[in-house]
Structures are given as structure tokens and as C-alpha cells.
Amino acid sequence: SIILKHNIIIHPLKISEIQANRISHNTTSKTIRLKSPRNQSEFQTMAQNQQPIFQAKPPEHFVQIPINIERDSTTLINQTGNRKPNHWPTIIISIVFVIVGQSVARLLENFYYDQINRSDYDENRQNDGVWTQSLLQTVGFPLLLLPFIILTKKHNRQQPPITSDQFHYKSLAIIYLCIGILLSVQGRLSAMGKLEIPFGVFTLIYTTQLFFTPIFARLINKTKFNRWMVISLILAIVTGALTLSSAFGGEPDEAEENYARGSWAALFSGICFSLLLCNIQNVLDNYIFKRTESTTRKPSFASVFEILIFSSLAATIISAVGLLIAGEQHELEREMNGFSKGKGSYVMSMVGQAVSWQVYWVGIVGLVFSVSSVLSHVISVLTWPIVSVLVVIFFNFMDNEFDVFKGVALITAALSAAAYFYRLHKENRDSTN
């Protein structure tokens with residue numbers, strides 16, 4: 001008799017194996033037993049009365065095991081490391097954050113300089129507050145802790161967390177420190193440049209950052225450029241240059257101008273910003289996204305908050321130390337007491353700037369997460385004419401009005417954004433075909 005337990009695949013047995021005294025094959029939860037004949041005559045009788053047990057080779061069944069499992073179309077990267085079709089809601093929300101965050105922050109910055117009677121400053125106090133302005137760009141990072149925790153828990157609840165050995169803790173710590181240094185240096189140089197040279201000259205020099213962005217993107221991120229990206233960059237450069245007629249509340253007078261120092265500060269500030277965005281994309285591509293590449297997990301927007309929290313922590317410490325060394329903490333009390341609108345308005349303007357800058361950075365890094373550092377930089381520059389128009393509306397600076405430069409800048413900004421969005425549309429359409 002043949003006893004079969006559970007479902008097994010029986011391979012063909014040779015007749016010589018049946019002649020053995022006993023064949024027993026035991027596996028976990030599977031057993032095959034063949035009862036052997038007592039003598040040769042009994043075996044011959046069995047052979048004459050029964051058909052052969054195995055007359056033909058049974059059909060073989062193959063199970064195809066997928067080696068490369070392609071992820072869902074909403075995932076930002078595929079197995080080759082290329083980005084998937086972009087998630088438009090995330091892109092649109094990030095753009096809104098950039099526009100709103102930068103516009104409010106710049107308006108409050110103008111309000112701050114206008115109310116502290118900057119025109120009364122002497123040459124020795126010209127650069128007062130540069131570390132403070134750098135600090136305001138990052139000090140609001142604790143506001144990001146709550147959404148970071150919520151998104152992380154939600155993501156881990158939907159998909160199992162990655163084991164700790166897949167994290168590159170040491171590498172990420174060094175990279176976040178470097179990004180924090182760039183954040184602090186960029187904020188400090190930008191604040192100093194605007195107080196050293198006329199704002200129109202600062203704008204022209206600061207716009208050169210768009211020349212460095214494609215260079216760094218190509219070298220660091222291996223970005224491939226097509227004609228629509230090039231057109232978008234050219235129009236963005238024109239847009240930035242056309243905002244030279246914008247006004248600034250902290251613009252120095254002729255006696256305070258220092259073109260050499262201010263020009264270098266504006267130039268290196270722009271370079272730092274370009275390098276900053278490309279390094280953030282490098283972290284996302286080579287570290288954050290690599291965590292999920294060997295799993296079924298999808299990249300989470302919590303990565304944006306992770307980068308900002310740890311990098312801003314480093315930048316905040318650096319700016320705070322610089323503020324203390326420069327002795328600006330003594331000037332803060334003097335500015336509060338001399339603020340034209342009162343102490344309450346001074347505190348609100350400072351808090352408003354800190355919050356607005358965090359909204360801006362979430363949008364900037366969100367665009368890098370969703371698309372690339374190039375689009376993030378383009379959208380940041382395209383916000384400048386919007387800010388210049390808002391300054392005209394809310395402030396009454398001398399000789400500041402809505403002129404032809406601001407109007408043309410708004411048009412070129414729209415065309416630049418349209419060119420890049422058309423490129424994204426073509427990529428998404430080609431990937432779905």
C-alpha cells in the first residue's frame with residue numbers, strides 16, 4: 001500500500017527501488033511507505049495481477065518566482081534609481097508653501113528693518129542683526145517635530161519599519177551637519193550682502209546662483225537636462241534680474257555702501273544656496289531612498305521633515321554661537337525697546353519670520369523630494385517678483401512703485417514655470433505609455 005500525507009510531488013521511481021526490502025522517505029509532515037514483498041514468488045504474483053505503479057513520467061510543474069518586483073507608480077524611484085511619475089498634489093502644495101513662506105518672511109523682514117529706524121545706524125552698527133536673521137531662518141524647526149512624528153507613525157503602521165542596520169547613521173549625521181553649516185553660512189552672507197550694497201545690485205549678483213545650479217546638479221546629482229529645463233532656467237534668470245528695481249527696508253545709504261564686501265557676500269550666498277539644494281537631493285537619492293530600495297516600502301514625506309529638523313538643529317547652534325560671539329544679544333533688547341510699533345509687534349515680527357521660513361523650507365525640500373533641486377531653485381527665484389509687488393502694496397518706500405520691470409518679471413516667471421511643468425507632463429505621459 002502507498003500512504004500519502006499532505007500534498008507532495010512524487011518523482012518517478014525505478015523498478016529496482018521497488019525490489020528493495022523497504023523504502024521509507026520521511027520529511028517534515030510528509031511520509032511515503034512502500035510495503036515490500038516477503039519473497040520472490042509473492043513479488044511475481046503482484047507484478048502479474050497489478051499494473052505498473054509508475055507507467056510514465058508525471059508532468060513537471062514550474063512556479064515562476066519574480067525577481068524584480070516593480071513598485072507602485074506613485075513611488076518616486078524605481079529599480080534603476082530613476083524617478084517615477086511625479087505626484088502632482090505634493091508638487092502643488094510644496095509650491096504654495098514656497099510662495100507663501102518666502103513672501104511672508106520677506107514682508108516681515110522689510111517691516112523689521114523699517115521699524116528699527118535702520119537709517120539712524122552708523123558705520124559701526126551697519127551689520128548688526130546679520131546673525132539674528134540667519135538664526136530666524138532655522139530656529140523654528142521644533143514646529144516640524146509634530147508633523148514628523150505623525151507621518152512617521154502613520155508610515156510605520158501601514159508598512160513595517162526598516163531594521164536599524166539599514167540606516168547610515170554616521171554618514172547621515174555628517175551630511176546633516178554639512179547641510180546645517182551651509183544653511184547658517186548662506187543666511188548670514190545673504191543678510192550681510194543686503195546691508196552692504198544697494199538691493200538692486202545684490203539681486204543681480206544673487207541671481208547668478210541659477211548659473212551654478214545646473215553645474216552642481218550635473219556633477220553631484222547626475223541630472224540630465226533637456227531643452228525645456230534649459231528654457232525654464234533661462235527664463236528664471238531673466239526673472240531674477242528684472243527684480244532689480246525692488247525695494248528693501250534695510251538698504252544702506254551711500255556712506256554705508258561697501259561694494260567689494262557686499263558683492264562677494266551676495267555671490268557666495270548664492271553659491272551656498274545652489275550647493276545646499278543639490279546636497280539635499282543627494283541625501284534623498286543616495287541615503288533616504290536607499291533605505292526602501294530593497295523593500296516594499298515607499299519613500300515618505302516624513303523624510304523632508306527629517307532632513308530639515310536635524311540640519312536646522314545644526315544651523316541653529318552655529319547661528320546662536322555666532323550671535324553670542326558678535327554680541328548681538330545686547331542689540332536685541334535695544335531694538336525691542338526702540339521698535340516703532342511697540343515690543344509686542346517686535347516679538348510678533350520675529351516669531352512670524354521664524355514660522356514663515358519653516359513653511360518656506362518645507363516647500364523647498366518638498367520640491368526636491370518630489371522632483372529635483374533644479375525645480376526647487378527655479379520656483380524659489382520665481383517668487384521674487386511676487387514679493388516685490390507685495391512690498392509695493394504694503395510699504396511706502398521711496399521711489400518704489402509697480403514699474404515695467406516688475407510686470408515683465410511676473411510674465412517671465414509664469415513662462416519659466418510653464419516650461420518646467422510641460423517637461424514634467426511629458427515625462428509622466430511617456431512613462432505611462
Looks like the range 302-346, by Cα gyration tensor root eigenvalues a ≥ b ≥ c and the a/c under 1.5 rounded cutoff (else prolate when a/b is bigger than b/c, oblate otherwise), is oblate
Between beta-carbons, use under 14 Å as the cut-off and find the net charge around I386, counting Lys and Arg +1, Asp and Glu -1.
-> +2
Accessible-area order (highest first, 1.4 angstrom probe) of the listed residues K406, K170, K426, K153 = K170, K153, K426, K406
Sort the range 197-343 into rounded, prolate or oblate with this rule: let a ≥ b ≥ c be the square roots of the eigenvalues of the Cα gyration tensor; rounded if a/c is under 1.5, and if a/c is not under 1.5, prolate when a/b is larger than b/c, oblate otherwise.
-> oblate
What's the carbon and sulfur percent of the range 210-307's accessible surface, probe 1.4 angstrom, rounded to a whole number?
-> 62 percent
With all protein chains present and a 1.4 Å probe, the order of M350, M336 from largest accessible area down is M336, M350
Mind listing the phi-derived Karplus ³J(HN,Hα) values for the range 384-393, rounded to whole Hz, using 6.51, -1.76 and 1.60 with θ = phi - 60°, and x for any glycine or proline?
-> 4, x, 5, 5, 5, 5, 5, 5, 4, 6
Between the modelled labels at I174 and L219 (7 Å from Cα along Cα→Cβ) the distance in nm is 1.9 nm
How much accessible area per residue does the range 312-433 have, in Å², with a 1.4 Å probe?
-> 44 Å²
Using only the Cα atoms of the range 354-419, build the gyration tensor, take square roots of its eigenvalues as a ≥ b ≥ c, and label the shape rounded, prolate or oblate: rounded if a/c is under 1.5, else prolate if a/b is larger than b/c, else oblate.
-> oblate
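Could you calculate the contour length gain from Y259 to E333, that is, 0.36 nm times the residue separation minus the distance between their Cα atoms, to one decimal place in nm?
Going from the current span to full extension adds 23.6 nm.
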Report H425's accessible area, 1.4 Å probe, all protein chains in place, as a number in Å² to the nearest 10.
-> 90 Å²
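The values are calculated or read from the model by the stated rules, or taken from the named source; none is laboratory data. Nothing here was measured: the structure is a model prediction, and the numbers come from that model. As a convention, Cβ positions derive from the backbone with ideal geometry for all residues, glycine included, and neighbour counts pool all protein chains shown. Areas reflect the complete protein model, heavy atoms only, side chains present, ligands, DNA and RNA absent. Shrake-Rupley method; radii C 1.70, N 1.55, O 1.52, S 1.80 Å.
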